[in-house]
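Everything below concerns the one structure shown next.
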Amino acid sequence: MEMDSTEYRVLKAVWKKNRGKRLPSAIQYRAAIKHPLPGTIRWLQTHPAPSLQDISDNYGSFSIAVLDFLDTYYRQYPVKIPDYLLGWLTGRALISRKQNGLMLRFSESDPYQIRLLKRLMPDLSITSSSHKNEVKDMRSFHYGRIFTLKHLWEPDIKAAFRATPDFVRGYMEGHSILQKVSSMDSYRLILHGPLIESCRDYLISLGATPTSIYCSSGGHARWNLHKKSVKVIFPMLYPEGVLCNLHFRSKIERLILKNTNV
């Protein structure tokens, strides 16, 4: 949707009136044409607004027009997403259609991580995916965040990478597993996901050993961070008081860095 179009200006006025919490409705759009809202009064005196039928003909439906409006609006006014949260969500969360709108959805089983995500995204809706396990389905309908993420992830999700400790720490906590090394009383950290190459380059710049990325039998790329590398990067990624999953942090200290000076 073009920013200088009349429908954009009217929907923007309605969106601001709703304080970004409720999608503009067809009734609100019609009312905003009949009784112009602040910011549209002078414009509507010289620019006729398209009717609901015109909107439907041009965009396919009014609900599609609203999503098109939001896409344009948040390209101009993106919301701030902390680097840690952006790192964790990228490659973990999906943007999906929900009736006439969109939602951000993902799942998580670590209760410590769930509490942290809820603190960062108070709007999260959390439900159990099964009575037999601890996996929780998590949904967000915060359109500012949804469309800002959409623009950061498209057309190439790799463009979302941020070369900061917060981003890489968030990505690591959302895209890694701790694995015991065969026949040894030692553990390693295995990093995976779509930003593995960028994270590897960044961690190597912090002093991690430049080992190779390899593909598992399932075709998924993985990168092993052994004890020596974790010991080097840990102080830079996990200084005291930093935003992180404290349970994940303590597991690294207990399983990988035990009996070493961190």
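The values are calculated or read from the model by the stated rules, or taken from the named source; none is laboratory data. Here the structure is a predicted model, which means the values were calculated and not measured. Neighbour counts run over all protein chains shown; Cβ positions are idealised from the backbone, glycine included. With ligands, DNA and RNA removed, areas are computed over all heavy atoms of the protein, side chains included. Shrake-Rupley method; radii C 1.70, N 1.55, O 1.52, S 1.80 Å.
Here are some notes:
- Residue within the stretch 45-54 that is open to solvent by 70 Å² or more (accessible area, probe 1.4 Å) and closer than 30 Å to CYS244 by Cα present: no
- Evaluation of GLN76 against the conditions (1) open to solvent by 70 Å² or more (accessible area, probe 1.4 Å); (2) over 15 Å from ASP4 (Cα atoms); (3) out of contact with any Asp or Glu (no Cβ under 9 Å at 6 or more places or on another chain) shows that the sole unmet condition is (2).
- Just so you know, in the stretch 203-262 the residues that are in a loop (DSSP other than H, G, I, E, B) and of a type in the set (A, V, I, L, M, F, W, C) include one that is nearest to SER109 (Cα to Cα), and it is CYS244.
- Within the stretch 41-69, residues that are under 18 Å from ALA31 (Cβ atoms) have Cβ atoms under 8 Å from residues that are open to solvent by 70 Å² or more (accessible area, probe 1.4 Å) in these pairs: TRP43/ARG9; PRO50/ASN58; LEU52/ARG30; SER63/ASN100; ALA65/ASN58; VAL66/ASN100, counting only partners at least 6 apart in sequence or on another chain.
- For the stretch 81-90, the criterion of being outside any helix (DSSP H, G or I), in contact with a Gly (Cβ under 6 Å, 6 or more places away or on another chain) and either under 30 Å from LYS258 (Cβ atoms) or in the same structural domain as ARG19 (by the TED database) (or both) is met by no residue.
- Residue in the stretch 207-221 that is surrounded by the most Cβ atoms within 10 Å (Cβ to Cβ), counting only those that are under 25 Å from the mean Cα position of the chain (by Cα) and in contact (Cβ under 8 Å) with a residue 12 or more places away in the chain: ALA221
- Wholly within the stretch 95-194, helices (runs of 4 or more DSSP H) carrying at least 1 residues that are open to solvent by 50 Å² or more (accessible area, probe 1.4 Å) and farther than 26 Å from SER216 by Cβ: 111-120, 165-174
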